Amino acid sequence: MLDLDPVRRVVRSPSQSPRRATNLSLSADVLEAAKALDINISQTCDEYLRKVVKEEQARRWREEHADFIAAYNEMLVAEGLPLDEWRTF
């Protein structure tokens, strides 16, 4: 069955992306606790946002290609794998 992950990566790795200052509103208690624990707020926010963006891109890719994936899977069920008769494993 076909279940492809998105192959295009719109989000660059942290080392390739220039940094840009931005304003965030964070809960005061969480911000103070993070500072007390010496957590790098910018790095943590960047890493988490990068993860969320990649997950959303993957979700949207699967949604956009759901019809193709369903049709391909139906074809495999009906016709089997291409070149299956020559498969040696």
Checklist entry - Where in segment 9-89 are there helices (runs of 4 or more DSSP H), lying fully within it, with 1 or more residues that are among the aromatic types (Phe, Trp, Tyr) and touching a residue at least 12 places away in the same chain (Cβ under 8 Å)? => result 41-64, 66-79
Item to check | Residue list for segment 35-60, restricted to those being under 15 Å from Leu24 (Cα atoms) and among the aliphatic types (A, V, I, L, M) | outcome: Ile41, Leu49
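Just so you know, all these numbers are worked out from the coordinates, no wet-lab data involved. Since we're looking at a predicted model, the values are computed, not measured. All Cβ positions, even for glycine, are placed from backbone atoms using ideal geometry, and neighbour counts span all protein chains on display.
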